[in-house]
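The values are calculated or read from the model by the stated rules, or taken from the named source; none is laboratory data. Note that the structure is predicted; figures quoted are calculated from it, not measured. Note that we place each Cβ from the backbone using ideal geometry, even for glycine, and neighbour counts take in every protein chain shown. Keep in mind that these areas ignore ligands, DNA and RNA; they rest on the heavy atoms of the full protein, side chains included. Shrake-Rupley method; radii C 1.70, N 1.55, O 1.52, S 1.80 Å.
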Amino acid sequence: MSTNRPMALVVDDEPDIRELIEITLGRMDIDCAAAENLAGARGLLAKRTFDLCLTDMRLPDGNGIELVELIQKNYSDTPVAVITAHGNMESAVSALKAGAFDFVSKPVDLQVLRNLVSTALKLSRNQPKAARGSGLGLLGDSPVIQKIQATIAKLARSQAPVYISGESGVGKELVARLIHDKGPRADKPFVPVNCGAIPSELVESEFFGHKKGSFTGAVADKDGLFQAANGGTLFLDEVADLPLHMQVKLLRVIQEKSVRPIGAQKEMPIDVRVLSATHKDLAALVDAGEFRQDLFYRINVIELHVPALRERAADITLLAQHILQRLAAQSGEAAPTLSGEAIHALLHYPFPGNVRELENILERAITLCEGNTIQAADLRLPQTGAAAPPSASGPVPLEPFLDAIERDSIVKALEQTRYNKTAAAKLLGISFRALRYRLKKLGLD
């Protein structure tokens, strides 16, 4: 075996399946080591490192999920995929939740297997981050955003369907793009689609494509969104708006990893990771019979909740500064600054429209402000949206609220001392070093 070739661990108690996989991977220039049970797999894992692992779900001395958990715990750089019985999506979902990279169903479709292995090897060999992705980032220093950033990095290493929940305007599509950009599909298409924007009579054609002559107006063959995203990621935004008849078809695509264009005689395999999002409460829609429970179960293998902007008030100043710099760069002008009163107003506004609303407010304020400083009046915040004191509006997250108070006090002290940090520190009753630390922590430096 060549040391330059990738090495795969194949675990299955059926010799025919092991041989089929070994032959297929050998033709892809991948060496294999095989085990027929969990004990054998453990022994091989202890002896050397593997670039990927393929394991059957049912083994003589246990099951594939036990192996997934073992590899996740002790060999986390090795992607592991499970081989499941045909139609047994419950096992596949359980494996994905345990940390499996992906799954393939029996009888094994060799093209699906090759696609899975190619994607896993990209992940295992971990392309340099600078060479992948769009350079987008999820801005923020608050604990909740740091946790989401860490979760995105983990989700990027999986092919499991992810359901991204959160209010309108929080950045669900940005999160989906980051999952795509940080994963092995980064060099393939990211195709976002607003499910609510497609007329119900066209939705099947838009998703799956059609053959010429399959219906009135079909004057040529047309690829659908799944074909357009082949090899990459399909992001279903506002998935709750899909018609019920389309939900059934989408469920089949996720399970079978194949689509059949309208008018086609047979299905064609597709290699697409599905991410979905909505601002609606999907669980409530399932209870109301407006969204299929089985589809909800399939797309909600992993849920990632994106918090509202008011739940991470500590990030507002940093976000505002970034947005102002971006808008200024687009216009070729110097970025304006926010006055202390403007920052105070932003920190005490609840942002029902979240980050999208913040962008709109600042874009308008740049147009309205005099000189290069945005005043509170330039923001034109809705009066009905003014935040009530915490005692009147119920409990709020303590840390962002305290950060907002601290930031407001520091800004006022700096303005009062004409930005003399030594004098401001004295006015606040803290040391210069403490002030410098707080300025950096709050993004005011």
Answer with yes or no whether Gly224 is open to solvent by less than 40 Å² (accessible area, probe 1.4 Å) and out of contact with any Leu (no Cβ under 8 Å at 6 or more places or on another chain). yes
Which of (1) hydrophobic (A, V, I, L, M, F, W, C); (2) open to solvent by less than 10 Å² (accessible area, probe 1.4 Å); (3) without any contact (Cβ under 8 Å) to a residue 60 or more places away in the chain is the odd one out, the single condition Ala345 does not satisfy? (2)
Let me confirm something: among Leu309, Leu250, which residue is within 25 Å of Ser94 (Cβ to Cβ), surrounded by 19 or more Cβ atoms within 10 Å (Cβ to Cβ) and either in contact (Cβ under 8 Å) with a residue 24 or more places away in the chain or under 21 Å from the mean Cα position of the chain (by Cα) (or both)? Leu250
Would you check if Leu398 is exposed (fewer than 13 other Cβ atoms within 10 Å of the Cβ), modelled with pLDDT under 80 and within 35 Å of the chain's Cα centre (by Cα)? yes
For Gln111, the lone unmet condition from (1) crowded, with 21+ Cβ neighbours inside 10 Å; (2) modelled with pLDDT of 85 or more is (1)
So is Ala98 aliphatic (A, V, I, L, M) and in contact (Cβ under 8 Å) with a residue 12 or more places away in the chain or not? yes
Members of segment 360-383 that are crowded, with 18+ Cβ neighbours inside 10 Å and of a type outside the set (A, V, I, L, M): Cys369, Asp378
Going by the conditions given, is Arg125 surrounded by fewer than 16 Cβ atoms within 10 Å (Cβ to Cβ), modelled with pLDDT of 90 or more and either within 18 Å of Glu22 (Cβ to Cβ) or in contact with a Pro (Cβ under 9 Å, 6 or more places away or on another chain) (or both)? no
Hits in segment 170-221 (condition: open to solvent by less than 10 Å² (accessible area, probe 1.4 Å), assigned to a loop (DSSP other than H, G, I, E, B) and not aliphatic (A, V, I, L, M)): Gly183, Pro184, Gly209
Filter segment 258-299 for residues that are part of a loop (DSSP other than H, G, I, E, B), open to solvent by 70 Å² or more (accessible area, probe 1.4 Å) and within 19 Å of Phe226 (Cβ to Cβ); the one that is modelled with the highest pLDDT is Arg292
Near pairs, Cβ below 7 angstrom, 6+ apart or cross-chain, from segment 316-329 (closer than 14 Å to Ile361 by Cα) to any residue that is among the basic types (Lys, Arg) and surrounded by 17 or more Cβ atoms within 10 Å (Cβ to Cβ): Thr317/Arg407
In the list Leu96, Leu45, Leu70, which residue meets the criterion of being assigned to a helix (DSSP H, G or I), within 13 Å of Val10 (Cα to Cα) and not charged (D, E, K, R)? Leu45
Residue check for Glu333: part of a loop (DSSP other than H, G, I, E, B), more than 24 Å from Phe101 (Cα to Cα) and charged (D, E, K, R): yes
Here is a check on your reading of the model: is Thr78 in a loop (DSSP other than H, G, I, E, B) and either more than 24 Å from Lys257 (Cα to Cα) or open to solvent by less than 60 Å² (accessible area, probe 1.4 Å) (or both)? yes
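Taking only segment 171-221 into account, find how many residues are of a type in the set (Val, Ile, Thr) and free of Cβ contacts under 8 Å to residues at least 12 places away in the same chain.
Matching residues across segment 171-221 total 3.
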